[in-house]
Structures are given as structure tokens and as C-alpha cells.
1. Report D for the range C:2-92 in µm² per second (integer): Stokes-Einstein, Kirkwood Rh on Cα pairs, 4 °C, 1.567 mPa s.
2. Taking each pair of distinct Cα atoms in the range B:18-139 once, what is the resulting Kirkwood hydrodynamic radius in Å?
3. If one computes the Cα centroid of the range C:11-44 and of the range A:35-94, what distance in Å separates the two points?
4. Using 0.36 nm per residue of separation minus the Cα-Cα distance, give me the extension gain between B:GLN248 and B:GLN12 in nm, one decimal.
5. Averaged over peptide C:27-33, how many Cβ atoms belonging to another chain are found within 10 Å of each residue's Cβ?
6. Give the Rg (one decimal place) followed by the Dmax (whole number) of the range C:12-64, computed from C-alpha coordinates and expressed in Å.
7. Considering every pair of different Cα atoms, what Kirkwood radius, in Å, is found for the range A:44-150?
8. Based on DSSP H runs of at least 4 residues, each adding -39500 (n - 2.57), what is the mean residue ellipticity at 222 nm of chain A after dividing by all its residues, to the nearest 500 deg cm²/dmol?
Amino acid sequence: MLNALIQALKNLISPPVTLQYPLAEDITLPAQYRGLIEYSAEDCIFCDKCEHACPPRAIIFFQEANGDKVYRYNPHLCIYCGECVRACPKPQEALWQSEKKQPFALRAENVNSEWKVWEERCSESRDAFAAAKKAKKAAKAQSDGQGEMQ
Amino acid sequence: MKKTVEIPLGSQHISLLEPIRFRFHCENEVIRDVDADVGFVHRGVEEACASRFEFKQVGYVVARVCGLCAITHSLGYTLAVEKLLHVETSMRIKYLRMLMVELDRIHSHMLCLAHTAENAGFEALFMQIMNERELVMDVQEALSGNRVQFDYISIGGVNRDLSAQAGALVLRNLSLLEPKIDELFERFTSNWSLSLKYRGIGALSLTQAYMYNTLGPLARAAGLETDVRLETNDFPYAQIGFEIITEQGGDIYARNLVRLREIKQSIKMVRHIIEGLPEGAIQEKTKGKPEGEAIVRIEAPRGELMYLVRGNKSSILERVRIKTPTFSGIPAMIEIFKGSNFADAPAILASFDPCMSCTAK
Amino acid sequence: MNKITVNLENVVETIKAFYNPAAHHFLTLNALNAPDDSIELEWIFTRYGVIDEPTVFTLTCKRDVLIPSVTSFIPSAIMSERETVDMFGVSIEGAKRGLYLDEDSREMPLGRCRV
Ligand code: SF4
Ligand code: SF4
């Protein structure tokens, strides 16, 4: 009780704990802040490991008819866990975690619905490619079989 | 004629941090009965863990059950899966995991103390504690790379090593924090409103504590000696100087004291961890798929957290059962409310440190 | 983990005979889907203050029977009983639905018959 009284009197004459804005120091991000995931198509071997490892499915590959894959990453869905980088066989070359801050999602960009459309297109492209491959194989097997018969 | 008046509190209320609704049946000022509705933030995490995500990803999903004890949630799940995969982690991994859990306990307890102060009318003290809490948050950010969602623990190890620089930062910030905790100790024991007025309010007797299976600081404030750090041997807590802390009385004052003393003890334990950090790998090799059933208990800041994981040799687990501390504390909470004054309800509530997003998961 | 198998008739008696409030801590009631439209329930206990394996009472029964409640001597079990009722669509004596689910929520989100 006495202590509290003494403390209260001390507080009367001591300066406030808070600082006015210009005096306060800026917030600096510590080193190795977990930021955006960055990718380089030149080094990627398209093993899809990052896609499978990602918990929220923020990395998706689109497959074109000739088999080429296109990387697509959603920074707004990403939780910056770094699992993709740990799964990648070529970390720091094909895929790495930068210290950049994530961008703001603007309403005009319509990030959610657009990503859903993209997700669907990707899985369709995968299915189409797999189906085409299967058909090709079947056709090949058939022509091989015909060749043997002749 | 009906004798009691019904007063609702919540689901949105100035003294509540998270949505919970109480209906107090009061007779004059005294609460006679309470209905609680706790399911406002149910998100179906258990279902998601057993249907949408593979077992390697679930650790990141369960971390999102709660913002404050993210680390204990992912640790609980990871330990359970490691038991199913028969992975034995190195001492260094264990130490680093303990380090994060203890840091988590410090800042979580500080948050609770801040809210207890705020609900007693000490807005400025709330701000001050939250400001001092930043010291711990900064350390955690430096260690894990993120402020709230640490994503530090993965199956088989931890994601980052502790650099000498980060170790020095931990020690520096803790030595800055320690005098401030002493000061808080002084505030919480000698200030009229925070100490004398809190004595005897919201008291839980030892018999009640046993009867309602209370846990964590709530039980220890009532003198019930239960602490998961003492009751399991997943981590070498004895090596870093852990001792159980109990108080008598079970009122708000005793709960505050338990939290303050635990902060001090955690600071001591963190120092021991940094000093005695063994060498070794930070990631162990894992292979296979989880099979069987494992129960893991962890002492989260609010009490015991349990994970039950059952797998059947496929990537999708069969069941993930999460039992959070507040969830089991609610029957005791209701019991304490009965017989208290309605005006004390916000203060009692804050002293429980309830976490609704854990409860409803 | 010590598992003790019980049946519908003796579950309450067995747990009552075992449970000592001053020594045992009731962890939780867990439910799992079992084959053949059954449900497996687990009452899990540990002990205060000592390193000990949890003791688990397991009961497998059909989904549509009325499961007896242990709340008469473990009052805190009401939370996990209500949760189980919500999540698995079983009925437990004295536990009402609606801890997490609302009127218009999907029925038994964790039950086997997922839509
Ligand atoms: S950091 Fe995590 S969430 Fe983000 S893309 Fe990689 S795996 Fe996915
Ligand atoms: S894991 Fe690496 S190499 Fe494989 S697809 Fe992803 S970025 Fe490319």
C-alpha cells in the first residue's frame, strides 16, 4: 500500500512512457523475415513437389498441350511457411523465400474469384493433357499391334 | 413470480476479446445460474485435418486453431505424428522446441495480465504491459521469421536453427524484460484495486478444482498440483530447472500471482536453454505413413492441450482430436460465476484467460 | 496407453469404480467412426502429478443407441459429450445438440455418412 503511494508520487514527476510519433523508432523487419516465394523457370525441373507440399495450394502449375508447365503463385493464399522451398530439389535456384513483404490485395484485382477460375483451368489442363497422353499411347499401342500383325 | 433477472453478456461486449455469450440469471446483484454459448467461431478444423489435408500439411493447419498458442498446437500434433512414425528427435530439437513454447508462455501470460488490468479499469497499465510484451514478440519474430504464425515446427524437427546472434537477442531482451516483470509483480501485489479487491473474488476451492478437472494456471492457483511438464517425459524439463508453481486460494489474485511467477520461471528456463543448448541436427529423417493411435499432452499457456491422432497408413489421417485448455475449463468457469456479483463477471472472465477460437476450433 | 474395453451395460459402473477425483484427471471423451455403422468411444484419463500412461476406456456400439453419460460423477464431461453429439450425430444421455452447430448446420460433420 505504501509502495503504491510512493510509486504514484514518483509517476507524477516522471516523464510518460510513450513517445510521440517522430521520436519513435521505425519498425525494422528482422533478418530472414519469411516473405514472398520467388521462382525461376530456367532452373525448375517441373517435378511438382512444391505444388504437392503446399498446405493451402498456393502454387499451381498449368499444363499446355505440348506438355510445358507454367508456374503460378498466389501471394494472398500463401501462408509463407516455406514448405515448398524445403520440398524443392533445387532450393535457392528454382524456388526460394525472399524477404519481401506481401502485396496488398485490392478489391479491384478480384484476387479470390480469379484464383478460383485459374485453379479450375489448371486442373482441366492437367486432365486434358493426361487424357491426350493416354489417347496417344492407346493409338500407338494399336498401331504397334497392327504392325506386328502385318 | 420469477425471482431472477436474466442479463446477457456477449456475444459482443466491451470486456470480451472473442465472441462468447453468457446468460446470467441474477438475483439482485448475485449470479445464480449461467448459460454459456461458446460455439461462435467453430471452423471445423478437426474435419479439415481428417479430410482435406495430408498429414504433413496438418501441422500448419492446426497452428491456425489459435493465434496465441500456435506453437503449442503445432508441437502437440507433430509429437503425436512423430510417435506414430517412430521418430526420435535429437536433444537440440527438443531444446529449441521448448524454447519457443516457453517464450510463448511468457507473452501469453502477459496478455492475460494486461486484460485483467484493463477489466479492473487500468487502461494505461494494459497498454504498458502490451508494450513490454513486444520484447518477447520481437524475439519470436527473429527466431521464426514471423510475428504470430511461427510455423517453426515441422515433422521431424524445427525449420530454423538458432544463430548465435538470435541467442544473444533472446538474452538481451529477457534481461530488459525481467525488471519490468518485477515491477508488475509489485503492482499486482500492492496496488489496492489489483490486489486487495481481487482477493476472494472468483474463488475456486481445491475440492471444486478436483471435481471439475480444472487445469493450467486455474488449477495451480487453487493449489492443485498439476502441470503437464511434470506429468510427461517428452521433454527434459527437469534439466532446465522446471519446478511446479502453486498458490492457495484460487481467486483472481492467486491466478495473477501464478502467472507472474510462471513468467519469471519461464525467463529462467529460457536462459538455461540458451546456455545449455546441445549440438546436433535440427531435422531428422522421417519416412512412412502414420499408423496407430497416439495421445500427446502439452502444457500450453492456458493449461493442458491434448492431441489424439489416429492414422491407417494413408496420407490422410483417420482422426485428429484436439482438446484445448479452455474447452475443459468451461464447466469450472460456470461454477465460479455462480454466487459471484454480476459486476465482477468481466474481471473473473479475464482472469480465466479464455480462448474461444481454441474452444470452438 | 492402457486400453480397457467396456460395453454399454457396464461402462458407467466401470468408470465410476475406477475414477478417483483426487487422483485422476478426466482428459476427454473421444469418438471415432468404426466399420459397420458403429461408433467407437474413448474415455481418456490420466493421473495428477505423476508420469503415467493414459488409461483409455473404449466402447464400440451402434450409432443409434443411447449412450449413458458419466456427468453424474464427472461434471466436466458435459463439454466433450455435447461435442460428440454434435460432431458424430450420436445420442448421449442428457447432452443436447448445439454446442457448435446451429439449426441450419450440416448434420454430424465428422460422422461417416458425409455428404
Ligand atoms: S510458403 Fe508455404 S504456403 Fe507459401 S507457397 Fe510455399 S508451401 Fe505454399
Ligand atoms: S519443387 Fe522446385 S523444381 Fe520442383 S516444380 Fe517446384 S520449383 Fe520446380
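1. Details: Rh = 13.4 Å.
In µm²/s, the coefficient rounds to 97.
2. So the Kirkwood estimate lands at 17.7 Å.
3. 45
4. 81.6 nm
5. Average neighbour count from other chains, rounded to a whole number: 6.
6. Just the Cα atoms of the range C:12-64 yield Rg and Dmax of 12.9, 40 Å.
7. Working: mean 1/r = 0.0616 Å⁻¹.
In the range A:44-150 this quantity evaluates to 16.2 Å.
8. Computed ellipticity for chain A at 222 nm equals -13500 deg cm²/dmol.
The numbers here are math on the coordinates, done by the rules we state, and not lab data. Predicted model only: the values in this text are computed from it and were never measured. Ideal geometry is used to build each Cβ from the backbone, glycine not excepted, and the neighbour counts take in all protein chains shown.
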